[in-house]
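The values are calculated or read from the model by the stated rules, or taken from the named source; none is laboratory data. These numbers were taken from a predicted model, which means no experiment stands behind them. Methodologically, a virtual Cβ is constructed for each residue, glycine included, from the backbone with ideal geometry; neighbour enumeration extends over all protein chains shown. Surface areas here come from the heavy atoms of the whole protein model, side chains and all, with no ligands, DNA or RNA. Shrake-Rupley method; radii C 1.70, N 1.55, O 1.52, S 1.80 Å.
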Amino acid sequence: FGSSRSSLAPLRHSCVGAAIGVARLDAMGKGTKLDDPVTVEQVPDLEASKREIEAYFQEHKAYEVFDFLLRELMVKQPADPLAHLVRCLETEHPTGPLKVVVASPPCIGRRALAKRLAETFGLVYIGAGELLEQAGVRTEGIGLADEQQVVDLVLAKLRQATENIQGWVLDGFPRTRFQASFLKNESIAPDHVLLLQAEEQSIRERMDAIKFGDMEGVIVPPEVLDEKLSLFSCHNMAALEVYQDRLYTIDTREEPEVIFSKMAERARMLPRSLGPRPPPRVVVLGPRGVGVREHAKRFSDRIGAVLVEGGGIAQDSVAAAGDVLGAVGVRLRSQECRTQGWVLCATSMDAPTAAALQQDPDLSPARVVVLDACEETCIERLRTLLHDPVTGKVWYLLPRNETLRKRLVRKPEVQNSAVVAAHREFTEKLPQVLEAFGNSERCCKIPADGAPLEVFNAIVDFVERPLPLPLPAGLCR
């Protein structure tokens, strides 16, 4: 699927570039062109106009809209291109219909979750099992149905949805590499593949609960369940191999409502944009001990942005060069930060400072990341942090040299009581800080109690993707 998408890149970029040019011309009336100033002394701020237009395009997902429209024309080649484009823009999401595959081991209640996902987002539900049942096949009594029959039934529904420019949730398909090959041949690529993960023991316990009336569901004979589990183990990863770049695994040991919330949250995420990116402006916040600086440093290195360490930023700090944000504000306004973008990290921030950032058109952050970890995690990660008062070096592991070991100390700010106090202060201030930042989709809390690599990947996913689709009615952030 990647080759056809990349082949559109030059054409897509040309069209987007042309659109930006038109938008800029429209936005620039008298007094905003160098050759047509209001007065001789007036110097237009073209850089500010450029940032404003870029922000508009990002906010309204203009690049994603162009990407969708161009793909539609290239793939379908309609007789009346303009009429077809109008139809595309009249859909609920002009960035393109949402397409989701839901896969899982057998007998974990996947169908109910997939149907609810389709209803929540207004998508067509296409269930392989349901289509077989409508065709008169008893799916609870077989391990794997006739593949060609399944393919024919599913593809007919997918073609119909594609023709109507409708999004869909595809439940239980593809199960094998053979089935996946038909999707590829039809140029049908999902935006997301949600893999609901479950241990074999928990599946068997669920079957027992259904058998004894403790849970609703269909009873599957033990020998058929064994065959289904074996087939899933043999074929699942091969079937989903081509979708590794959009595969997301969800643990089903949690409550159904939590599982569905994770499915919906992932479905809202849009693919990474192929459009030009303005210099990034990212704020990373978190309590002491969560690894704010480490994650911010790694991310700034990844995107080539400037790392700005704010520490505990407060608006009542001594202003530098008349800047309300002090030395940090001066740094953020530097030519280097304006050109390369910046990642600002801080373990403390107050609401007035956040409001000053948000209200400044040159500094308003495109993304605000909050690393959310419990007190115990912060204490544990700082437990082994030792300081050498002689050299100033920080040690994370005890050195072998006994003399050196004896002089290492823990600084007051990493003592357990100080970490707990800092965590509580951060937690108390956070609601007001997020409100000052607009408390919008640009702000995201990322669970940070897990492995650092998982936390970093979540940061990358949030910052580098376009803003997610609107929250469906009935779902809470």
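Here are a few things to note about the model shown:
- Candidate set from the range 323-356 (those that are closer than 23 Å to ALA55 by Cβ, part of a loop (DSSP other than H, G, I, E, B) and not aliphatic (A, V, I, L, M)); member that is least open to solvent (accessible area, probe 1.4 Å): GLY341
- Qualifying residues in the range 163-183 (those that are surrounded by fewer than 19 Cβ atoms within 10 Å (Cβ to Cβ) and within 25 Å of the chain's Cα centre (by Cα)) - the one farthest from THR120 (Cα to Cα): ILE165
- Residue identified as in contact (Cβ under 8 Å) with a residue 60 or more places away in the chain, in a strand (DSSP E or B), of a type outside the set (Val, Ile, Thr) and open to solvent by 40 Å² or more (accessible area, probe 1.4 Å) among LYS429, LYS445: LYS445
Conditions (1) of a type in the set (A, V, I, L, M, F, W, C); (2) without any contact (Cβ under 8 Å) to a residue 40 or more places away in the chain, marked per residue:
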{"residue": "SER334", "(1), (2)": "no, yes"}
{"residue": "SER348", "(1), (2)": "no, no"}
{"residue": "ALA355", "(1), (2)": "yes, no"}
{"residue": "GLN358", "(1), (2)": "no, no"}
{"residue": "ALA373", "(1), (2)": "yes, no"}
{"residue": "THR377", "(1), (2)": "no, no"}
{"residue": "ARG383", "(1), (2)": "no, yes"}
{"residue": "LEU386", "(1), (2)": "yes, yes"}
{"residue": "PRO389", "(1), (2)": "no, yes"}
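- Number of the exception - LEU467 against (1) of a type outside the set (D, E, K, R); (2) open to solvent by 30 Å² or more (accessible area, probe 1.4 Å); (3) touching an Asp or Glu at 6+ places or on another chain (Cβ under 6 Å); (4) closer than 30 Å to PRO276 by Cβ: (2)
- Of the residues screened, PRO472 is one that is surrounded by fewer than 17 Cβ atoms within 10 Å (Cβ to Cβ), of a type outside the set (S, T, N, Q), over 21 Å from ALA346 (Cα atoms) and touching a helix residue (DSSP H, G or I) at 6+ places or on another chain (Cβ under 6 Å).
- Selection of the range 94-117 for residues being over 13 Å from PRO190 (Cβ atoms), open to solvent by less than 30 Å² (accessible area, probe 1.4 Å) and within 23 Å of the chain's Cα centre (by Cα) yields THR95, SER104, LEU113.
- Residues of the range 244-302 classified as open to solvent by 50 Å² or more (accessible area, probe 1.4 Å), more than 30 Å from ALA198 (Cα to Cα) and part of a helix (DSSP H, G or I), total: 6
- Pairing residues of the range 205-221 that are over 15 Å from ARG111 (Cα atoms) and basic (Lys, Arg) with residues that are open to solvent by 50 Å² or more (accessible area, probe 1.4 Å) and assigned to a loop (DSSP other than H, G, I, E, B), at Cβ distances under 6 Å and at least 6 apart in sequence or on separate chains, gives LYS211/ILE219.
- Of all the criteria given as (1) touching a Phe, Trp or Tyr at 6+ places or on another chain (Cβ under 7 Å); (2) open to solvent by 30 Å² or more (accessible area, probe 1.4 Å), the one not satisfied by ASP80 is (1).
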